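Working notes for the structure below.
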Amino acid sequence: MREIASVAAMQRLARQWRRRGVRVGFVPTMGYLHEGHLSLVHAARRRVGTGGVVVVSIYVNPTQFAPHEDLARYPRDLARDRRLCRQAGVDVLFVPTDAEMYPRPPGAEFSTYVVEEVLSRGMEGASRPTHFRGVTTVVAKLFNLVLPDVAVFGAKDYQQAAVVRRMVRDLNFPIEIVVAPTVREPDGLAMSSRNQYLDAVTRPQASVLWQALEAVRQRVRAAPGGIPAGRLARLVSACVGRAPAARLDYVAFFDPETLQPLRTVRRGAHMALAVFLGGTRLIDNARLE
């Protein structure tokens, strides 16, 4: 496995691959890798085949964090990530610095951003107003550096994947976006780097997100004519309220393609929620079918 930290070196290598007709699979991450990330690596490998290459980037992107969020304490363990990537068969590990990704002369500020203005409005976009501007900007930059044929994202971040897919469509990136299934712990908790923030009190209660998703699934499955979204929101609130350390940030029921909110929820709709467990904020989502 080759490790690259320079933007220029990554671009040179990507252009060489393109000239040679090598298919490139790409998995952008913020590091502190877990089995969910590795499943994305395996999905990328399947897409490009044995003659292709798989690139993983590790970069904790500052522009997608608000000032009050956890940028400074976001979990980092590059030595462990290197080992996991090597074991998973990653060909290139791209680990740029802030200075490489957001270069600016002394006294100047970075001032060019990529903004998606429809799918990013609700849910995470409403709770974290600057978040998706940072995501789309850094992903666009990474796409220009790695020049992938295929990029793989996780379904746990459903809205993020939808926003990236829309950006790729609208800006004519010649990239296939693959969304791989969420990988879960035995109690249903979606794997996330932020799970490591949970302690002996909050970790057992974190399964409340999965329990809320399952409760709504069962209710929708039993009502072919649909259920008012408000009634389901109250169900979720009651479910989350049973965990003493949990606080519901939002729950949303929406069309899986347009992300538009639904007043009546039927099979095939999508649900997403965000929950605080103490000081840790976790998200999850599921198709209601």
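Points to keep in mind about this one:
- Hits in region 146-157 (condition: in contact with a helix residue (DSSP H, G or I) (Cβ under 7 Å, 6 or more places away or on another chain), under 18 Å from ARG19 (Cβ atoms) and surrounded by 23 or more Cβ atoms within 10 Å (Cβ to Cβ)): VAL146
- Residue in region 58-69 that is more than 18 Å from PRO96 (Cβ to Cβ) and in contact (Cβ under 8 Å) with a residue 40 or more places away in the chain present: yes
- Test: residue in region 107-129 that is surrounded by 13 or more Cβ atoms within 10 Å (Cβ to Cβ), in contact with an Asp or Glu (Cβ under 9 Å, 6 or more places away or on another chain), closer than 23 Å to ALA9 by Cα and of a type in the set (Lys, Arg): no
- Boolean, THR137 is modelled with pLDDT under 95, closer than 30 Å to VAL251 by Cα and surrounded by 13 or more Cβ atoms within 10 Å (Cβ to Cβ): no
- Helices (runs of 4 or more DSSP H) (entirely within region 163-261) containing at least 1 residues that are surrounded by 15 or more Cβ atoms within 10 Å (Cβ to Cβ), touching a residue at least 60 places away in the same chain (Cβ under 8 Å) and in contact with a Leu (Cβ under 7 Å, 6 or more places away or on another chain): 202-205, 208-221
- Out of ARG281, ARG267, sole residue that is farther than 30 Å from VAL60 by Cβ and either at pLDDT 95 or above or assigned to a loop (DSSP other than H, G, I, E, B) (or both): ARG267
- Hey, ARG80 out of contact with any His (no Cβ under 6 Å at 6 or more places or on another chain), within 23 Å of ALA140 (Cβ to Cβ) and assigned to a helix (DSSP H, G or I) or not: no
- Counted residues, region 53-71 - those being in a loop (DSSP other than H, G, I, E, B) and not charged (D, E, K, R): 8
- Test for GLY107: is it in a helix (DSSP H, G or I), farther than 28 Å from ARG20 by Cα and in the same structural domain as GLY36 (by TED's automatic domain parsing): no
- Condition broken by ARG263, with the remaining ones in (1) in contact with a helix residue (DSSP H, G or I) (Cβ under 6 Å, 6 or more places away or on another chain); (2) closer than 20 Å to SER207 by Cα satisfied: (2)
- Residues in region 202-238 that are of a type in the set (S, T, N, Q) and touching an Asp or Glu at 6+ places or on another chain (Cβ under 7 Å): 1 in all.
- Residue list for region 1-25, filter: in a helix (DSSP H, G or I) and polar (S, T, N, Q): GLN11, GLN16
The values are calculated or read from the model by the stated rules, or taken from the named source; none is laboratory data. A quick note: this is a predicted structure, and the numbers were derived from the prediction, not measured. Please note: Cβ atoms are built from the backbone with ideal geometry, for glycine as well, and neighbour counts cover all protein chains shown.
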